[in-house]
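Below: one structure, written as C-alpha cells.
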Amino acid sequence: VAPFARIGVTAARACGLFRFADGIVRFMKVKAPPLLPILRSDVQARLLTTLLLDPERELSVTDLADISETSLPTAVREVDRAEQAGIVRSRNVGRTRLVAANTRSFAYEPLRELLLRAFGPLAVVTTEFANLHGVDQLFIFCSGAARYTGDSGHEPRDVDVLIVGAPDRAAAYDAAERAERQLHRPVQVTIRTAEQWANPGSDPFLREVQRRPLV
C-alpha cells in the first residue's frame, strides 16, 4: 500500500483507507440504504424516518437505538449529527434524552417527503391498518418488500398488502385508501384466512408470495 502522505487524504478516503499509528488500516465503509442512497446508512434512515414521519412524538435515544436496530453509542452519534444539522431537537428529562423532529427546520418538509416516499410504506401501512380488527398477520409483499430487503431496482408503482385473518373488508379498503392518500400511490389489499396461509398448497398466489420477500 502506498504511504498515506503519498496518496493524499482524499484518495485515501476514496480507497477506504485509514491511518492508524505507523501503518495503513483498511476499514469497511457503511453501505448506503438502497431505498434512498443519498443517506449515509440504514441506521440513519430508520432513525430519521421514525422521527420525521411522526413529528409529535418524542423518543428516548435508547428507544431510537432499538427501533433503528443499532447500538446506543451509534444512535447517540446519529442524533448528535441530526441535531447539529437542525433536523431534530432534543431535551433532557432527568437522565433521559428525548428526541423529536425539528419541524421549524427549513429541511424538515422536503426531507420528510423524501423519507415518506422512500421508507414510508411500512410506517404508513402499519399505522393505517393498526386498528383493523380480525388481522392475524399483515405483510407488504412483492416489489415493495424487495426494496425493504435490499433490492435496488426501480421504485415500486404501488404497495401490495396481504392481510392474513378475517377483517372487515370495507374497513380494510378504507385503510388502504387512507394509506394511498399519504403515499401518493395505489395500495392493493389481498385477504387470505389463517387456514389458507398455513396450508397454501392449493393457492398458487400464496405459494409465490411465501417464496418471495415479505415485510
Discussion item. I need the phi-derived Karplus couplings for region 105-110: 6.51 cos²θ - 1.76 cosθ + 1.60, θ = phi - 60°, integer Hz, Gly and Pro marked x.
Written reply: 5, 4, 8, 4, 4, x
Worksheet item: Toward the positive end of the charge dipole of region 167-215, about the Cα centre and with charges on Cβ (Lys, Arg +1; Asp, Glu -1), which of VAL215, VAL189, PRO167 goes farthest?
Response: VAL215
Item to complete: Using amide H atoms built 1.01 Å from N in the peptide plane, name the residues 5+ places from ASP160, or on other chains, whose amide H lies under 5 Å from its own.
Response: PHE141, GLY144, GLN188
Item to complete: Could you order GLU83, GLU56, GLU195 so the one with the most accessible surface comes first? Probe is 1.4 Å.
Response: GLU56, GLU195, GLU83
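From the square roots a ≥ b ≥ c of the eigenvalues of the alpha-carbon gyration tensor of region 46-100, which class results: rounded (a/c under 1.5), prolate (a/b over b/c), or oblate?
Numbers: a/c = 1.18, a/b = 1.03, b/c = 1.15.
Cα axes put region 46-100 in the rounded bin.
Using a 1.4 Å probe and counting only protein heavy atoms, arrange ARG57, ARG46, ARG169 so the residue with the most accessible area comes first. Numbers along the way, then the final one.
On the way: ARG57 105, ARG46 75, ARG169 125 Å².
Correct descending sequence by accessible area is ARG169, ARG57, ARG46.
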Fill in: Of all DSSP beta bridges in region 46-205, antiparallel share, percent nearest 5
70
Worksheet item: Going from most exposed to least, what order do PHE141, PHE106 have by accessible area with a 1.4 Å probe?
Response: PHE106, PHE141
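The values are calculated or read from the model by the stated rules, or taken from the named source; none is laboratory data. Since the structure is predicted, the reported quantities are computational estimates derived from the model, not experimental observations. Using ideal geometry, Cβ is built from the backbone for each residue, glycine included, and neighbour counts are taken over all protein chains shown. To get the accessible areas, we keep the full protein, side chains included, count just its heavy atoms, and leave off ligands, DNA and RNA. Shrake-Rupley method; radii C 1.70, N 1.55, O 1.52, S 1.80 Å.
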